[in-house]
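Read the structure below first, then the notes.
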Amino acid sequence: MEAKPQVLGTTSKIIPLALPKGTEKLCELCQRGAHLQCAKCRVTFYCDAEHQQADWVGIHERICQLLVPIRTPTLLSLQQSGRIEMQLKKAELIEICRLVAQSKLSEGKHQEALPAAQFCLRCSIDVHGRSSVQMVPAYLLLAEANMGLGNLALVAELLSQAEWAVLKSPECGHAVHHRLHRSLGRLHTATGNLEAALLNFANDIYFASEAYGLDSTITCGGYFHMAGVFSKKGKLPIACSLYSEVARTWHSHLTKLFKTHVENVHNPDMLLKPSYAHCLAMLWFLGGDPLKALGFGNTALQASQLIPNHDLAEPIQGLLRLVQSLQAEPHPGAV
């Protein structure tokens, strides 16, 4: 017998006659007419079961009961003190959705991040107003989710709104400018406008260094993206130089972060987690230093073999074979 698909959350059908006259319920995800409602909170609606499942996985499971007081008007909520309390509850929801969406994006789960990012934007509009500079993080979050899904037209629209909010706020901080320019750089890279991408990544690096320092791993992310653009332009020496800068920054950061205080260990790089050592090996390979790439690759392989059921061994071995094959190739002029 085939296993039945797992159902997440429960729904019930909307009874149109039970709704106040002239009202229509809209789907939480697509804003089309809804036919189902969440059976737990009863204040969230969906056009079909597929969107209910997507919203449950994306964010609704975390905020289901928190939505009840927000979406159930009372006499108190209409008074001044009640409105202030409601705004505070919405601000709490914004932060929860931001953290959930960012976590899913860091795992590469762009589709799952969409419901949290969408709700974060809608709630932010309610609290701050559509053109407030405080809307920028929500615009950027939803843009990043759609960037991963290839919805570039929507990304351009969201970033345009974020850029307009920043332009209207001269007091806007360096960190917001950095995030905006990085997103714009990634969009221009994806659309093939490489000169505009380089300009935005240069601004990204400047604002990130002002906010976090030149040696920050956040700042070096701008160098990484810029290296990718130079690689696309065929300017490999510049790309390799930038990749080397990224590798040096992460090398310093990760060795400080993951070293232990065991005094009898002679090779502290061995104490790096295999995934981080693997990343360093790839960065040094891109940066044109095969010896360091081999060193960190072997470190990653040895560390991965000490961890049961680790899935990094095969990609690490593939990288090592690639580095070794390139080292074995005859150089021009060699005898």
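The values are calculated or read from the model by the stated rules, or taken from the named source; none is laboratory data. Since this is a predicted model, take the numbers as computed values, not measurements. Cβ atoms come from the backbone with ideal geometry, glycine included; neighbour counts cover every protein chain shown. Surface areas here come from the heavy atoms of the whole protein model, side chains and all, with no ligands, DNA or RNA. Shrake-Rupley method; radii C 1.70, N 1.55, O 1.52, S 1.80 Å.
Taking the Cα of GLN305, stepping 7 Å toward and past its beta carbon, and measuring to each backbone N in the range 282-299: which are under 17 Å? Within reach of a label on GLN305, which here means backbone N under 17 Å from a point 7 Å along Cα→Cβ, the range 282-299 contributes 294-299. Close amide H partners of LEU26, meaning residues 5 or more places away or on another chain with modelled amide H under 5 Å apart, are ALA34. Extension gain for the segment GLU92 to ALA153, taken as residue separation times 0.36 nm less the Cα-Cα distance, is 18.9 nm to one decimal. The residues of the range 186-250 present an accessible area of 48 Å² per residue when probed at 1.4 Å with all protein chains retained.
Modelled label positions at ASP48 and THR217, each set 7 Å beyond Cα in the direction of Cβ, lie 4.2 nm from each other. For the range 130-238, the carbon plus sulfur part of the accessible surface works out to 56%, probe radius 1.4 Å. For the range 203-234, the residues whose backbone nitrogen is under 14 Å from a point 7 Å from the Cα of LEU326, taken along Cα to Cβ, are 231. Between LEU291 and VAL57, the contour length at 0.36 nm per residue exceeds the Cα-Cα span by 79.8 nm. In the context of the full set of protein chains, the range 105-183 has a per residue accessible area of 44 Å² (1.4 Å probe).
Computed extension length for ALA313-VAL68: 83.4 nm, one decimal, from 0.36 nm per residue of separation with the Cα-Cα distance subtracted.
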